[in-house]
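Peer 1: Pasting in a structure now, in structure tokens, and then I'll have a few things to ask.
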Amino acid sequence: MAKRKKRLKKNIRFVLFILIVGILGFGIYKLLPNNKQDTNDTNVTTTKKNETNNKSKTVNLSLVGDIMYEGLYLDAVNAGENPDDYLKMVADKYFNKDDISIGNLETTITDNNKLKVNGYGYEFCSPQNVIKALDNNSIDVLGTTNNHSTDRGIDGINSTIDYLKNNTNIMSVGSYKSKEDRANLRIIEKNGVKVGFVAYALGMNDFGTYITENEAWRLGLYRKPPSYNQVSDEYIELMRQEIRELKKNVDVVVAIMHWGQEFHFEEREVDQIRLSKVLNEEHVDVVLGSHSHCFQPVKWYTSNDGYKTLVFYSMGNFTSSDPTLDNRASLDYVKAYQLALLANIDITIDNNKVIFNKVTTEPIINYYNSNKRNFKMIPLSEYTNEYESSHYLYNQGLTKDYINSLYNRIIPEEFR
């Protein structure tokens, strides 16, 4: 009897030993790196996702048009309005959430010494605090070549470059202090995606006065000074060379183009359409157009080798405050002058291919009340009835119905 109990105990211990060894062995087997698992196993799915993420990278861009600080707005700032508050609603919805925010700076920047601030008479030189507000509200890149680049001569070009470089996190492109500076590629890397920038313009208001042919390297141009020919073949070739050099070093190319004709809702053949074809042939990905001071259409271009370029012919005024235009344009354009088009673009780079995941736009209203105060940039989705009815130009027809009608008429449905 005692022997039988002893044998039973031995058998129980043996069974327990076998169970423990089996459990440990199975656990070790599951941890082995070369272990084959069922294809539905969660770890396999995660690995596949990680591998995909290593191949594809995504970047989100926001684009806006002309940024200029006119007299009414500067008067309000001098009276105590905070420049940071002007952009806050748009920044909260877009700039603070995207990866790169891009616009066209249509003003020079004072050096707070000898360059006189001005926002009247279409001669622009802005104080530093309103420019700093762009930085504070997450603007990342500004084109600085346009018809106002020499409103303060060569000194204005240099002070604009210097202020942005030394006092903000904003990259400037399109105006340069030296030939060596121009040769430096403008690139921002976000999420592993390298985005490069070029900028070109039709010329300056005082074309040929400050920028002669020998000084033309200071600005990205497609017209040769002092000629008023709309496009110079020689400068188109320079544009091609600069884009090709940039293209070697980036995943995405954005061209900031100051072109076309003021107060026209349609693109023009002589420069906008012609240059869009050139940019598309050079595999530019996105074109941010400005200068008309009103919406113009959005269009895809496809090259002979199948490359797609997204062209915004004009995005209107991102900032503005002129309610009359000195009788230079009809009331329709006066109203359109108060509106900006903002584009948000989601791009994926997959095996070196550029894929446009999503392109959306929204009108932005330059708001100021009947007392020409309380300046705000307001997305249309947040433009309340109270804002609408209290806008300085409401009684002249700047209503939500007008804004929606213009938006639907000019911007193709696929981008709305």
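A short reminder: the numbers here are calculations on the coordinates, not readings from a lab. Here the structure is a predicted model, which is why all the values come from computation and not from measurement. Quick reminder, even Gly has a Cβ in these numbers, built from the backbone with ideal geometry, and neighbours come from all protein chains shown.
Peer 1: Say a site is exposed when it is one of the chymotrypsin sites (Phe, Trp or Tyr not before Pro), sits in a DSSP loop, and has at most 14 other Cβ atoms within 10 Å; what is then the longest site-free stretch of the chain?
Peer 2: 229-416
Peer 1: Shifting gears a bit: Sort I236, I347 by Cβ crowding within 10 Å, fewest neighbours at the top.
Peer 2: Going from least to most buried by this count: I236, I347.
Peer 1: Rounded if a/c is under 1.5, else prolate if a/b beats b/c, else oblate: with a ≥ b ≥ c from the C-alpha gyration tensor eigenvalues square-rooted, which is the range 224-359?
Peer 2: Oblate, since a/c reaches 1.5 and b/c is not below a/b.
Peer 1: Something else about it: Find, among the trypsin sites (Lys or Arg not before Pro) in the range 199-254, those assigned to loop by DSSP (not H, G, I, E, B) with at most 16 other beta-carbon atoms within 10 angstrom.
Peer 2: K248
Peer 1: Now for a different question. Is the C-alpha gyration tensor of the range 146-284 telling us rounded, prolate or oblate? Criteria: a/c under 1.5 is rounded; beyond that, a/b larger than b/c is prolate, otherwise oblate.
Peer 2: Oblate, because a/c is 1.5 or more while a/b does not exceed b/c.
Peer 1: Work out the charge dipole of the chain with +1 on the Cβ of Lys and Arg and -1 on the Cβ of Asp and Glu about the Cα centre, then indicate which of V130, I187, L341 is farthest towards its positive end.
Peer 2: I187
Peer 1: Counting other Cβ atoms within 10 Å of each Cβ, which GluC sites (Glu not before Pro) in the range 223-296 have at most 15 and sit in a DSSP loop?
Peer 2: The qualifying sites are E262, E266.
Peer 1: Continuing with this model, one more query. Roughly how tilted is helix 2-31, in degrees to the nearest 10 and between 0 and 90, from the longest Cα axis of the chain?
Peer 2: 20 degrees
Peer 1: Separate question: So if each residue of separation counts as 0.36 nm, and I subtract the Cα-Cα distance between R274 and E180, what length gain in nm does that give?
Peer 2: Separation in residues times 0.36 nm, less the Cα-Cα distance, equals 30.9 nm.
Peer 1: Same structure again: Positive end of the charge dipole of the chain (Lys, Arg +1 and Asp, Glu -1 on Cβ, about the Cα centre): tell me which of I243, Q296, T319 has its Cα farthest that way.
Peer 2: Value: I243.
Peer 1: What pairs in K116/K179; K224/K308; K247/K353; K88/K194; K376/K400 have C-alpha atoms more than 18 Å from each other?
Peer 2: Beyond 18 Å between Cα atoms: K116/K179; K224/K308; K88/K194.
Peer 1: Related question: Could you state the number of Å between the C-alpha centres of the range 120-142 and the range 351-373?
Peer 2: Computed from Cα coordinates, the inter-centre distance equals 18 Å.
Peer 1: May I pose another question? What are the ³J(HN,Hα) couplings of the range 79-87, residue after residue, when phi is run through the Karplus curve with 6.51, -1.76, 1.60 and θ = phi - 60°? Round to Hz, x for glycine and proline.
Peer 2: After applying 6.51 cos²θ - 1.76 cosθ + 1.60, I find 7, x, 5, 7, x, 5, 5, 4, 9 Hz.
Peer 1: Where Lys and Arg each count +1 and Asp and Glu each count -1, what net charge lies around D151 among other residues with Cβ under 13 Å from its Cβ?
Peer 2: -3
Peer 1: While we're on this one: What does the helix-only formula give at 222 nm for the chain: each DSSP H stretch with n ≥ 4 adding -39500 (n - 2.57), the total divided by the residues, and the result rounded to the nearest 500 deg cm²/dmol?
Peer 2: -10000 deg cm²/dmol, from helical runs alone.
Peer 1: So what is the diffusion coefficient of the chain in µm² per second by Stokes-Einstein at 37 °C and 0.692 mPa s, using a Kirkwood Rh over Cα pairs?
Peer 2: Calculated translational D: 139 µm²/s.
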